[in-house]
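Structure first, commentary second.
Readers should treat all values here as calculations from the given coordinates under stated rules, not as data from a laboratory. Quick caveat, the model's predicted, so the values are computed rather than measured. Here Cβ is always computed from backbone atoms with ideal geometry, including for glycine, and neighbour counts include all displayed protein chains.
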Amino acid sequence: MEKASKSRFTAMKFKLGDPLDTQLCAALVHEMLRCQEAFQRFSHYAGQNIMGDRSKGTVVKSHNAYADFLRHLYEFYGGCFRRDRRTDDEIKAADLDLLLNAEVSKLLRRKCHSIRQGLGSEWENSISVYELPVPADFAMQFRRLRNENSHASARRVAPAGGMTLLGFYKKYNLFVHLLFESAQSMWGGPHSASSLGEIERFDLASPET
């Protein structure tokens, strides 16, 4: 019998600025672009729903857009945390949960500090809205819903005792919005990376197609 390899995967370490880092940054820019597109769709259909359109089509499209938005936002932060570790290898789910909860806690502290310094935007809520702890299950529920809406599983339509997508929105959308606001301020826009590689070469009008 052949000897089993010590690991299924070879660790992919890199330094900031090297080719692998550049490729990961381009992937992060693309992931944020997809996140923004999903958020725009959600804003559109959620707006219609809130204004009174409760048709099945609008509700389902709103659900789908929010699920896509969460999926891309989760993937984006996973990539950022891998970059912080200088590796493109996956981070264990439990570790990623801790990192996401800590990131939200940091963003809440920053928001409170900004408001205390008189630097908050006019449309921002009272500081009391942001003076709260991050529940330990936030990132776990984020991850679970991302998984359930990424696979064709029965749990998507009948969660087995877990939080529904609507329940997550009502309880945790403040945290999600803070993550999105922080991310797109630095990584938003298709021109943030010098090259998106094969992504931008998907040109069906190209004579080489």
If we scan region 84-92, do we find a residue that is of a type outside the set (D, E, K, R) and touching a residue at least 12 places away in the same chain (Cβ under 8 Å)? yes
Taking region 126-143 and the residues there that are in a loop (DSSP other than H, G, I, E, B) and of a type in the set (A, V, I, L, M), the one that is surrounded by the most Cβ atoms within 10 Å (Cβ to Cβ) would be VAL134
Members of region 55-88 that are outside any helix (DSSP H, G or I) and over 30 Å from THR22 (Cβ atoms): SER55
Go through (1) touching a residue at least 12 places away in the same chain (Cβ under 8 Å); (2) surrounded by 15 or more Cβ atoms within 10 Å (Cβ to Cβ) for ARG155 and report which single condition fails. (1)
Is it the case, given these coordinates, that LEU33 is within 22 Å of the chain's Cα centre (by Cα), within 15 Å of LEU73 (Cα to Cα) and of a type in the set (A, V, I, L, M)? yes
